[in-house]
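Enquirer: To start, I am sharing the structure in question, which I have written as structure tokens.
The values are calculated or read from the model by the stated rules, or taken from the named source; none is laboratory data. A quick note: this is a predicted structure, and the numbers were derived from the prediction, not measured. Ideal geometry is used to build each Cβ from the backbone, glycine not excepted, and the neighbour counts take in all protein chains shown. The protein model used for the area step is the full one, side chains on, heavy atoms only, and it has no ligands, DNA or RNA in it. Shrake-Rupley method; radii C 1.70, N 1.55, O 1.52, S 1.80 Å.
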Amino acid sequence: MEAINASIDFDRRLYAEDIAGSVAHVTMLAAQGIVTQEDAVAITEGLHRVRDEIEAGGFPFDRALEDIHMNIEARLAALIGPAAGRLHTARSRNDQVATDLRLWLRARLDQADEACRGLQAALIDRAEEHVATVMPGFTHLQVAQPVSLGHHLLAYVEMIGRDRGRLADCRGRLNESPLGAAALAGTSFPIDRAMTAELLGFDRPSANSIDAVSDRDFVVEALAAASLVAMHLSRLAEELVLWSSAQFGFIALSDRFSTGSSIMPQKRNPDAAELVRGKTGRIVGALIGVLIVMKGLALTYSKDMQEDKEPLFDAFDSLALCLTAATGMVRDMTVKADAMARAAGTGHATATDLADWLVQKVGVPFREAHTITGQIVKLADEKGCDLKDLALADLRGIEPRINADVVALLDPAQAIARRTSEGGTAPSEVAKQVARARQRFL
Ligand code: ARG
């Protein structure tokens, strides 16, 4: 029974929140005349001693006492005697644990937001450095059109920006106090729920005591928000893995974020990026796990809900690691602009520019321009060169209306410079995006 029932091995992490909740509760009990001032002072001082003991290490956590709530209360009784027994007046572990977990998660959401902001700062700094660095943009992982590396990095800044919005939404919804719901039905004691809510920094007491002890939707919502952050980090990590391979050679990861191989002396493996990608699996797994725990539970509290904690703790620990690693990799990576520019000059990346020119300068309908350009690409393939390396005579052999203007047009740097539409890849536009991103996010 103890082995399946005890949660102390993992919920001891809630000690600080549990003590903060208890101090608020007993302060309110005294203010309402439910316990004496004297007892409230003894209990508060005792709780602070318990906290100091835990933080000093060596606190005698006892699995027979099941969870953090009972461990702290038992120690309090040992320290201050029978007055400790008054702390749990008008309270249940059901509203207590819901309160603790909300307090814990609120702080972790704030930390995650701060870490996301740090990643955005790193991405924006690197984007600013590389506003005019040309790289191939991909669709289907096939070379599509040249883009600015800064533009590409700013795409992640937008994604992380929306993630921060979701973390903030979650924080706003979870910031209600369950304290005072007691076991499920409320209490006959004249408690002041607004007071405990305020003492703990909650916006208000929860409206319905049954809901307050029943739901863990705030856990699910936080895990969903965390999963989206992780999914974005995983895509970034995948790109770092690809880009740092010899075949791409777009970047080099720093020694701080790569490892050697134990057998192949030449290797530098992007382990940190791979682990950011890999840990996303546990974070998404945590989301699905808690959803499945919750989905069949009749109201109100069932012990199943104790299974919310390990996935939640693990997911937010993993997320913090992933954000730190991603930020470090982005800040540290060496950009090989030459290799990127070379790659942007392959795969006929400026074919769209030629087709657009035929439309804009010659008045050819776009579909026809597409066909003509296709014939030119085929010729380049036959000659084993890139579109931009064909001689003017070759181009004119297929489409006589092509003139010398086209030669400059097919240069990738010029191709990006022309894409000045709002949010587009032209360095002039990307520079504006950098400035706006700084204002919006940092
Ligand atoms: N350890 C429990 C949990 O994490 C605390 C709540 C226990 N409540 C109860 N009625 N047994 O969910």
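Enquirer: Tally up the residues in the range 253-265 that are touching a strand residue (DSSP E or B) at 6+ places or on another chain (Cβ under 9 Å) and surrounded by fewer than 16 Cβ atoms within 10 Å (Cβ to Cβ), please.
Expert: 5
Enquirer: Quick one: what pairs do we get from the range 292-305, first residue under 17 Å from A98 (Cα atoms), second among the hydroxyl-bearing types (S, T, Y) and open to solvent by less than 70 Å² (accessible area, probe 1.4 Å), C-beta under 8 Å, 6+ apart or different chains?
Expert: L297/S214; L299/S214; T300/S214; Y301/S214
Enquirer: Mind checking which residues of the range 12-58 are more than 18 Å from L87 (Cβ to Cβ) and either touching a His at 6+ places or on another chain (Cβ under 9 Å) or at pLDDT 95 or above (or both)?
Expert: Passing the criteria: R12, R13, E55, A56, G57.
Enquirer: Take the residues in the range 396-442 that are of a type in the set (G, A, S), at pLDDT 95 or above and touching a helix residue (DSSP H, G or I) at 6+ places or on another chain (Cβ under 6 Å); name whichever of them is farthest from G118 (Cα to Cα).
Expert: Looking at the filtered set, the residue picked out is A426.
Quick grid of which residues meet (1) modelled with pLDDT of 95 or more; (2) out of contact with any Lys or Arg (no Cβ under 6 Å at 6 or more places or on another chain); (3) in a loop (DSSP other than H, G, I, E, B):
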{"site": "L287", "(1), (2), (3)": "yes, yes, no"}
{"site": "A298", "(1), (2), (3)": "yes, yes, yes"}
{"site": "F316", "(1), (2), (3)": "yes, no, no"}
{"site": "L319", "(1), (2), (3)": "yes, yes, no"}
{"site": "C322", "(1), (2), (3)": "yes, no, no"}
{"site": "T327", "(1), (2), (3)": "yes, yes, no"}
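Enquirer: Tell me the residue from A30, A78, A24 that is assigned to a helix (DSSP H, G or I), small (G, A, S) and closer than 28 Å to M305 by Cα, please.
Expert: Within the list A30, A78, A24, the selection yields A24.
Enquirer: Right, another one. What are the residue pairs meeting all of these: first residue in the range 7-30, first residue within 22 Å of T89 (Cβ to Cβ), second residue assigned to a helix (DSSP H, G or I) and aromatic (F, W, Y), Cβ atoms under 7 Å, and 6 or more apart or on different chains?
Expert: As it stands, the answer is L14/W104; E17/W104, since those pairs meet every condition given.
Enquirer: Moving on to the next point. Please find, within the range 1-21, the residue that is nearest to the ligand (Cβ to nearest atom) out of those that are open to solvent by less than 10 Å² (accessible area, probe 1.4 Å) and in a helix (DSSP H, G or I).
Expert: Within the range 1-21, the match that is nearest to the ligand (Cβ to nearest atom) is D11.
Enquirer: Okay, next question. Inspect all residues belonging to the range 197-219 and state whether any of them is open to solvent by less than 50 Å² (accessible area, probe 1.4 Å), of a type in the set (F, W, Y) and over 30 Å from K309 (Cβ atoms).
Expert: No: zero hits.
Residue-by-condition table, conditions (1) more than 16 Å from the ligand (Cβ to nearest atom); (2) surrounded by fewer than 23 Cβ atoms within 10 Å (Cβ to Cβ); (3) within 28 Å of the chain's Cα centre (by Cα); (4) closer than 23 Å to A182 by Cα:
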position	(1), (2), (3), (4)
D62	no, yes, no, no
D67	no, no, no, yes
A74	no, yes, no, yes
A77	yes, yes, no, yes
H88	no, yes, no, yes
S92	no, yes, no, yes
R108	yes, yes, yes, no
E114	yes, yes, yes, no
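Enquirer: While we're looking at this one, here's another question. Can you go through A349, A393 and tell me which one is outside any helix (DSSP H, G or I), at negative phi and either at pLDDT 95 or above or open to solvent by less than 80 Å² (accessible area, probe 1.4 Å) (or both)?
Expert: It is A349.
Enquirer: Give just the number: which of (1) open to solvent by less than 10 Å² (accessible area, probe 1.4 Å); (2) within 16 Å of the ligand (Cβ to nearest atom); (3) among the aliphatic types (A, V, I, L, M) does L103 not satisfy?
Expert: Only one criterion is unmet by L103, namely (1).
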